[in-house]
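Just below is one structure, and these are the notes that go with it.
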Amino acid sequence: MDLILVEGVSALIRWLHVVAGIAWIGSSFYFIHLDLSLRARPDQANGGQPAGVQGEAWQVHGGGFYQMVKYLVAPARMPDELTWFKWEAYTTWLSGFALLVVVYYLGAELYLIDRTVLDLAPWAAVLLSLGGLVLAWAAYEALCRSKLGDNETPLSLVGFAFLVVLTWGFTHLFSGRGAFVQIGALIGTIMVANVFVVIIPNQKKTVAALVAGRAPDPALGRQAKQRSVHNNYLTLPVVFLMLGGHYPLLYATRWNWLIVAIVLLIGPVIRHFFNSRHAGKGSPWWTWAVAAAGMALVLYLSAAGPRTQTGAAATVPGFDQVAEIVVSRCSMCHGEAVAWPGIATAPKGVLLDTPERIRGQATLIALAAVRSDAMPPGNLTEMTGAERAALGAWIAAGAPGK
Ligand code: HEC
């Protein structure tokens, strides 16, 4: 019963997390687009634009026309009703953090820790993960508020190097999958903190100044804008990292940290394409060439195989030997009767306990345990490189049954 409850809660939180993320990213993409597509009114020269208006945009959606007008800093008079956009971001973080706890912290042995990387106790892994989130956010905040923060190009270069070094570090603390979710959670935390600590409080101060009849400080808006731009460029990489944790060839191969580094570049380049287009500054098609080259490099790197090098097996093993490897390394979790504490039924319905099932799942075995070392999770059953190589040779020979 408790297992059913845990699974149910986990599925519910994941559902909420994805929906909140869609709402957040959707509204954020929408406002970036709106902001960039604002144009001065044609009659501006004749004084047709109200004081403080930066520009306007006409949009059509769902059977109606919308005239959007943006006031720079703020309108002269506060409207009676003002819609804030913050719960999309907060809900995404709260549900994401809950999911991190349920999947990665409560299941640290399976998902966060890899003893061949570092033999951590679950509580130590959880503390490292939490500490990493807090410290990285504090370092980012300090960076933005330092002198460097005034200058976008050096700031983004340092920010990129900072994230790559962290990723490399996490791949030396956690499992590949744990490292992916950790860096994804870290970037997501920075993004939500930008909303919670800077963007919303600054907007509140601006509103308070207006209500009090004072002129709001334009620096507040500039600071919020900077963080909003960071969030814009981090969106695509963070989504990739969250999904990447489900792709063994990405997270459980040798160059997993380099793959993350490349994606941290591709994401902003793609955003640049859309930003330029929406701002009416043409379509920089070169961005797609860069993104395609980057993805080709990602695929090439993902072909490097498991982190523990296996070497090639000299001969194709007989099926008896293959079955013995799989039964001794996999079937305690992937069997009709699971003999692993905390696992109720064979994960993802993958059964590897009879000769037919083993042969039938040869491609999945190749993906999870030969081309990558995603399985066994954290190498809990201590599979050797030679065994991976033997399975590889068997699969390459067409997974024969003898
Ligand atoms: C300690 C238990 C355990 C052992 C041992 C284990 N697995 Fe798994 N396996 C899991 C869990 C848990 C999942 C589900 C992972 C997830 O949630 O994405 C899984 C998922 C899989 C999947 C599905 C991947 C997907 O993305 O759908 C395959 C294939 C797989 N395992 C193959 C293997 C092979 C091959 C071995 C032996 C070399 C093995 N497993 C050993 C626990 C185990």
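Which angle from 0 to 90°, rounded to the nearest 10, does the C-alpha axis of helix 286-302 make with the longest principal axis of the chain? Approximately 20 degrees, to the nearest 10. For Met332, the accessible surface of its heavy atoms amounts to roughly 40 Å² (probe 1.4 Å, protein chains only, rounded to the nearest 10). Computed about its Cα centre, the charge dipole of region 319-396 is approximately 260 debye, with only Lys, Arg, Asp and Glu carrying charge at their Cβ. When the inverse distances between all different Cα atoms of region 272-402 are averaged and flipped, the Kirkwood radius reads 16.9 angstrom. Ranked from largest to smallest solvent-accessible area, with a 1.4 Å probe on the protein heavy atoms, Trp15, Trp87 come out as Trp15, Trp87.
In the context of the full protein assembly, Tyr104 retains an accessible surface of approximately 20 Å², using a probe radius of 1.4 Å and ignoring ligands and nucleic acids. Solvent-accessible area of region 319-396 (1.4 angstrom probe, protein heavy atoms only): carbon and sulfur portion equals 57 percent. Comparing Asp35, Asp150, Asp373 in a Gaussian network model of the chain where C-alpha atoms under 10 Å apart are linked, the largest mean-square fluctuation is found at Asp150. Considering only Ala219, Ala339, Leu148, the residue lying farthest towards the positive end of the dipole of the chain is Ala219, judged by Cα position with unit charges set on Cβ. A 1.4 Å probe, protein heavy atoms only, puts the accessible area of Glu7 near 120 Å². On region 162-280, 71 percent of the accessible area sits on carbon and sulfur atoms, based on a 1.4 Å probe. Looking at region 286-361, the pairs of alpha carbons with a distance over 17 Å make up 64% of the total.
Under the rule a/c < 1.5 gives rounded, and otherwise a/b versus b/c splits prolate from oblate, where does region 213-297 land using the Cα gyration tensor? It comes out oblate by the Cα gyration axes. Per-residue ellipticity at 222 nm from helix content only, as computed over the chain with -39500 (n - 2.57) for each DSSP H run of at least four residues, stands at -19000 deg cm²/dmol. Largest GNM mean-square fluctuation among Ile183, Ile113, Ile365, using the chain with Cα springs under 10 Å: Ile365.
A full extension of the chain between Ser156 and Trp123 corresponds to an added length of 8.5 nm, given 0.36 nm per residue minus the alpha carbon distance. Along its first, second and third principal axes, ordered by size, the chain spans 87, 48, 46 Å in Cα coordinates.
If I build a Gaussian network model for the chain, linking alpha-carbon pairs within less than 10 angstrom, which residue out of Leu155, Leu99, Leu250 has the largest mean-square fluctuation? Fluctuation is largest for Leu155. Between helix 122-145 and the chain there is an angle of about 30 degrees, using the helix long axis and the longest principal axis of the Cα atoms. Using Cβ point charges alone (K and R +1, D and E -1), the dipole size of the chain about the Cα centre works out to roughly 1180 debye. Along the Cα-to-C-beta direction of Tyr66, a point sits 7 Å from the Cα; which residues of region 5-35 have their amide N less than 12 Å from that point? Answer for region 5-35: 27-35.
Computed packing ranks the peptides 58-64, 188-194, 231-237 as 188-194, 231-237, 58-64, most packed first, by mean other Cβ atoms within 10 Å. Estimated at 0.36 nm per residue, the fully extended path between Thr381 and Ala337 surpasses their Cα-Cα distance by 14.2 nm.
Annotation: per residue accessible area for region 267-312 equals 55 Å², rounded to a whole number [probe 1.4 Å, protein chains only].
Hull volume per residue, based on the alpha-carbon atoms of region 319-396 and their convex hull, is 83 Å³.
Accessible surface computed residue by residue for region 346-398, with neighbouring protein chains in place and a 1.4 Å probe, gives 44 Å² per residue.
Split the accessible area of region 1-123 by element, probe 1.4 Å, and carbon with sulfur accounts for 66%. Scalar couplings 3J(HN,Hα) for region 328-340, obtained by applying the Karplus form with A = 6.51, B = -1.76, C = 1.60 to θ = phi - 60°, are 7, 9, 10, 6, 5, 9, 9, x, 4, 10, 6, 10, 10 Hz; x denotes Gly and Pro. A Förster radius of 60 Å, combined with the Cβ-Cβ distance separating Tyr30 from Gln321, puts the computed FRET efficiency at roughly 0.55. Phi angles of region 226-237 translate, via the Karplus equation with coefficients 6.51, -1.76, 1.60 and θ = phi - 60°, into HN-Hα couplings of 4, 5, 5, 5, 4, 4, 4, 6, 8, 4, 5, x Hz per residue; Gly and Pro are given as x. Taking 27 Å as the straight-line reach from the Cα of Lys147, the lysines in range (excluding those fewer than 8 positions away in the same chain) are Lys204, Lys205, Lys225. For the set Lys70, Lys402, Lys205, solvent exposure ranked by accessible area (probe 1.4 Å, protein chains only) runs largest to smallest as Lys402, Lys205, Lys70.
The values are calculated or read from the model by the stated rules, or taken from the named source; none is laboratory data. Source: prediction; values computed, not measured. As a convention, Cβ positions derive from the backbone with ideal geometry for all residues, glycine included, and neighbour counts pool all protein chains shown. Only protein heavy atoms, including side chains, enter the accessible area calculation; ligands, DNA and RNA are left aside. Shrake-Rupley method; radii C 1.70, N 1.55, O 1.52, S 1.80 Å.
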